[in-house]
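Visitor: Before I ask anything, let me first share the structure, which is written out below as structure tokens.
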């Protein structure tokens, strides 16, 4: 019968069960392995439930009960539910036990103890210092593989861009990553960012020139909980251009700006028609202006002109640089 202390690890908010798992691993490795496998299966179920919740977010727009507090408790419920469901099992935990048992000294391929397992455990304990020394090297290998397969990083990108060609070649990979699940044309996103920032040469900056990485001129309204900068900006009121001061969102990097742009459109009901026309960039620009994204009466036309320009339509080579363009 399983140690009652291990049941603590089946409670989402009780971290004391981890100590019981450690103790059980010394005396009954099969029971500990089965419990860890179930917890992993619970994490898998949690990710499935998150995807299901995400798919239903569109139906909760405008719901008064849809708040940060309700989402917090909903996440807690989903995590506990996932752990409970993993007790029933999908078969994933059993597969993990069979696979991992082969790698644990003192256990057979079926997860049972072998004869003479004490000697195996002693050998395992002696190998721990060697494994510990290898850990930094293994982590470095994992990071290297992750870096080689990840989208272009923007940690080294400038706070201002020297040319339209540099702007497109360095930001387009980030736009492609952010637009993957939205249907928005990445080139349209870069074109809109070019319009908002003058091809990256007139970026929104905070005090003493601190970069905001705000590519889309999104203002920091009451829904925004992050950093912001206050600057002078131009708005059109009844067709007349006027200067005023406003708070704008600030991000840690350009990637965050792209992702927030997508989330901004998805979370606001007024942009529902905009996203519905994502497959047609020209119509997308028209719907964006019609929804009131910007007060400039020529906003959509300007985006379309940039989209049709030479710079946006030049192929990006393996070096990440496009050949010279003319529509800066």
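Nothing in this text is a laboratory measurement; each read-out follows from the coordinates by a stated rule. Quick caveat: nothing in here was measured; it's all calculated off a predicted structure. Using ideal geometry, Cβ is built from the backbone for each residue, glycine included, and neighbour counts are taken over all protein chains shown.
Visitor: Given 0.36 nm per residue, what is the gain on full extension from residue 67 to residue 232 after removing their alpha carbon distance, in nm?
Guide: 56.2 nm
Visitor: Sort 272, 245 so that the residue with the fewest other Cβ atoms within 10 Å of its own Cβ comes first and the one with the most comes last. Could you put the intermediate results ahead of the total?
Guide: Details: 272 14, 245 8.
Ranking 272, 245 by Cβ neighbours within 10 Å, fewest first, gives 245, 272.
Visitor: Okay, next question. Under 1.5 on a/c is rounded, so check that first for the range 164-313, then, if it is not, pick prolate when a/b is larger than b/c and oblate when it is not; a ≥ b ≥ c are the square roots of the alpha carbon gyration tensor eigenvalues.
Guide: Numbers: a/c = 1.28, a/b = 1.16, b/c = 1.11.
Cα axes put the range 164-313 in the rounded bin.
Visitor: With 10 angstrom as the radius, rank 35, 207, 273 by how many other C-beta atoms surround their C-beta, starting from the fewest. Could the numbers behind the result be given before it?
Guide: On the way: 35 22, 207 7, 273 14.
The most exposed by this proxy come first: 207, 273, 35.
Visitor: Based only on other Cβ atoms within 10 Å, what is the fewest-to-most ordering of 40, 72, 161, 284? Write down the numbers at each step before the final one.
Guide: On the way: 40 15, 72 10, 161 21, 284 26.
Ranking 40, 72, 161, 284 by Cβ neighbours within 10 Å, fewest first, gives 72, 40, 161, 284.
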